[in-house]
Each structure stands twice: as structure tokens, then as C-alpha cells.
Amino acid sequence: MTLPRLPLTVIGGYLGAGKTTLLNRLLSEHHGLRIMVMVNDFGAINIDASLIERAEGDTISLTNGCVCCTMGADLFMALGDALDRRPRPDHLVIEASGIADPAKIAMAARAEPEMAYGGIAVVVDALNWPALADDAQIGPQIRGQVAVADLVLVSKAADGLPGGLAARLAALSPAPLVDLAQAGTVAPLLTGMTPGDARAVNPAHPGYVGWAHEGEEMLDRAALEALLARRPDGLYRIKGKVLTPGGGAHEVHVVGATQDIKPAQADRTTLVAIGLEGRVDRDAIARWWSARSG
């Protein structure tokens with residue numbers, strides 16, 4: 001029996017735009033579809049334990065029929081795994097890295113006869129996108145992600161979609177624009193979009209510096225806030241968990257000039273940071289962390 005082609009949708013968007021939050025919404029919805037989600041960083045998806053049916057290796061099966069797993073280093077091997085699953089998923093959703101061209105991933109659907117191109121949804125952070133898009137070094141990449149979108153999903157627009165932002169996005173792409181704060185379920189948005197041609201625009205791509213740390217360090221909230229205030233220039237993204245002296249942890253998200261700290265649970269302090277090559281280096285990030293108090 002010939003199986004139907006597997007639709008592939010790619011979720012793109014810059015570092016900290018809100019892709020993980022969107023995926024959590026998708027995985028928690030009861031939409032009646034067997035959706036398979038592939039992510040770059042499995043640990044970034046904090047799935048409610050009540051939704052988990054079972055966990056095996058790098059794969060979590062959810063009670064609503066969805067599956068979440070890591071994409072791994074080889075995209076085509078990951079796609080083959082999705083196609084070989086029985087029952088085959090109804091839809092495949094791939095989260096692109098924040099610094100990737102989502103169209104290059106989407107074009108893989110054109111090369112695989114058993115897959116169908118389902119479109120690119122790009123998440124735009126209403127708070128930080130305008131400044132990022134105007135940045136001389138990363139602006140072309142930020143604007144290029146929107147240019148290939150079949151659907152633009154705006155996050156963090158607490159007071160409604162700013163008119164100036166809407167106009168700028170419309171000038172880059174004719175794709176429909178959706179304020180995620182006003183959206184109900186997101187599954188119909190991601191699985192029901194009308195895709196255009198999968199195309200890569202190949203914008204100028206600056207170099208990036210990555211730093212990761214794991215340890216037993218503990219910081220109270222005041223010390224953590226003071227440390228983040230002294231972070232090196234050129235860091236665009238910091239995320240992770242920092243242990244607290246009284247037990248528990250702080251979950252940390254820094255995107256550009258904005259930061260969010262909230263209570264969490266963790267066994268170790270784990271942090272990752274990404275910055276722009278030429279503005280910051282790993283040694284500077286390591287010195288910043290080593291100079292903490294606590």
C-alpha cells in the first residue's frame with residue numbers, strides 16, 4: 001500500500017524569538033493529528049509530565065499521539081526516520097536553529113519523493129526584532145528569515161501588534177501575519193498554511209560564538225541579576241538554569257536587551273550563550289561567568 005506523502009513544515013526565527021514556546025503550545029493541544037516534532041536542542045522543550053506517555057532515548061511520545069525528538073546531525077537521516085515510523089506521522093514539524101536559513105531545511109522536502117512541502121512559519125519577536133533587523137551585521141540574516149516565510153507569527157506583542165512592525169514585515173514578505181497572543185490553537189496555523197516555493201535567499205551570514213557551561217554553582221536572585229547586568233557586549237542569547245542556595249533553580253532567558261528569570265527545578269547549573277564573532281569571544285564569556293559572586 002502506498003502511503004500518503006508526509007507534509008513537512010519548518011519553524012524558523014532568530015535566537016530567542018519564541019520557537020520553543022510555540023512548539024510547547026503545539027505539543028499540548030488536542031488536535032487529533034499525529035504530529036512529529038524534531039528539535040535541535042531536546043532539553044529546551046519542557047513538556048508537561050502529564051502529557052508524556054513514554055520516553056525512549058532521544059524520543060518522547062505524548063498522550064495526544066504526538067512525538068518529539070532530536071533532529072541529530074544529519075537532516076536526511078532524521079527525515080528517513082520520520083518516514084520509516086509506523087504508524088507514519090500525519091505531519092512533520094522541524095524547528096530550525098535560530099541562526100539557520102529555514103528555507104534550506106524546507107528544500108529537503110523537495111528532494112524527498114515521499115515528503116510534501118508544507119511551508120515555513122517564522123516567529124518574530126515584537127520586542128527585539130526591529131533592532132536586530134537594523135543591525136549592520138545580522139540584519140540581512142534577520143530580514144532574510146522573514147523573506148522566505150509562508151506565515152509570520154509575531155510573539156511577545158503584549159499590547160497588540162505594533163503598526164510599524166507590521167508594515168516592515170509586510171514589505172519583506174506577503175505572508176499572512178498572525179499575533180500569537182491573539183491566536184487560539186496553533187496546530188491549524190502550522191499544518192494548514194498555503195506554502196509558496198521553497199527557496200533560500202542566502203543572506204549575509206556573520207560568524208557566531210557559542211559558549212556552554214555545566215557545574216554546581218549557586219546564585220541568589222540578586223547576584224544573578226547583577227551578573228546578567230554585567231554581561232559582555234555582543235551576547236544575543238543566554239539561556240539555562242542556575243541553582244539557588246535554598247534549593248531549586250532560576251530559569252534564565254536573555255534575548256538582546258530583555259531578560260526573564262523565573263523559578264525552576266534543576267540538578268545542576270547549565271547555561272549556554274551565543275554572541276557575534278568580533279564583538280565577543282569565548283574567553284570573555286568565561287571570564288564574565290568566573291567573576292560572578294556566589
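Things to note:
- Choice from Val123, Val37, Val209 showing the highest fluctuation, given a GNM over the chain with Cα pairs closer than 10 Å: Val209
- Note that the stretch 156-171 has calculated 3J(HN,Hα) couplings of 6, 9, 4, 9, x, 6, x, x, x, 5, 4, 5, 5, 5, 5, 6 Hz, one per residue in order, obtained from phi through the Karplus relation 6.51 cos²θ - 1.76 cosθ + 1.60 (θ = phi - 60°); glycine and proline are x.
- In Hz, Karplus ³J(HN,Hα) per residue of the stretch 62-67 (6.51, -1.76, 1.60; θ = phi - 60°; x = Gly, Pro): 9, 5, 8, x, 7, 9
- If only the Cβ of Lys and Arg carry +1 and only the Cβ of Asp and Glu carry -1, the dipole of the stretch 165-271 around its Cα centre is close to 260 debye.
- Relative packing of peptides 127-133, 9-15, 30-36 - highest average C-beta neighbours within 10 Å first: 9-15, 127-133, 30-36
- The stretch 136-193: relative contact order as a whole-number percent, Cα under 8 Å and 6+ apart: 42
- The stretch 200-294: trypsin sites (Lys or Arg not before Pro) in DSSP loop, at most 16 other beta carbons within 10 Å: Arg230, Arg268, Arg279, Arg292
- For the chain, DSSP calls about 55 percent of its internal beta bridges antiparallel.
- Close amide H pairs (under 5 Å, H built 1.01 Å from N) link Thr70 with Val39, residues at least 5 positions away or on another chain.
- 3J(HN,Hα) from dihedral phi, the stretch 183-191, Karplus parametrisation 6.51/-1.76/1.60, rounded to Hz, x for glycine, proline: 7, x, 7, 9, 4, x, 5, 7, 9
- Using a probe of 1.4 angstrom and keeping all protein chains present, the accessible surface of the chain works out to 45 square angstrom per residue.
- Surface composition of the chain: carbon plus sulfur atoms hold 53% of the accessible area, using a 1.4 angstrom probe and ignoring ligands, DNA and RNA.
- Two-site FRET efficiency, Gln265 against Thr2, from Cβ-Cβ distance with R₀ of 41 Å, rounded to 0.05: 0.30
- Amide H contacts of Val154 (H built 1.01 Å from N, in plane; Pro and chain starts excluded): Val124, Val178, Asp179, Leu180 sit under 5 Å, all sequence-distant by 5 or more or on other chains.
The values are calculated or read from the model by the stated rules, or taken from the named source; none is laboratory data. Predicted model only: the values in this text are computed from it and were never measured. Every residue, glycine as well, gets a Cβ built from its backbone with ideal geometry; the counts of neighbours run over all protein chains shown. Ligands, DNA and RNA are excluded from the accessible area calculation, which covers all protein heavy atoms including side chains. Shrake-Rupley method; radii C 1.70, N 1.55, O 1.52, S 1.80 Å.
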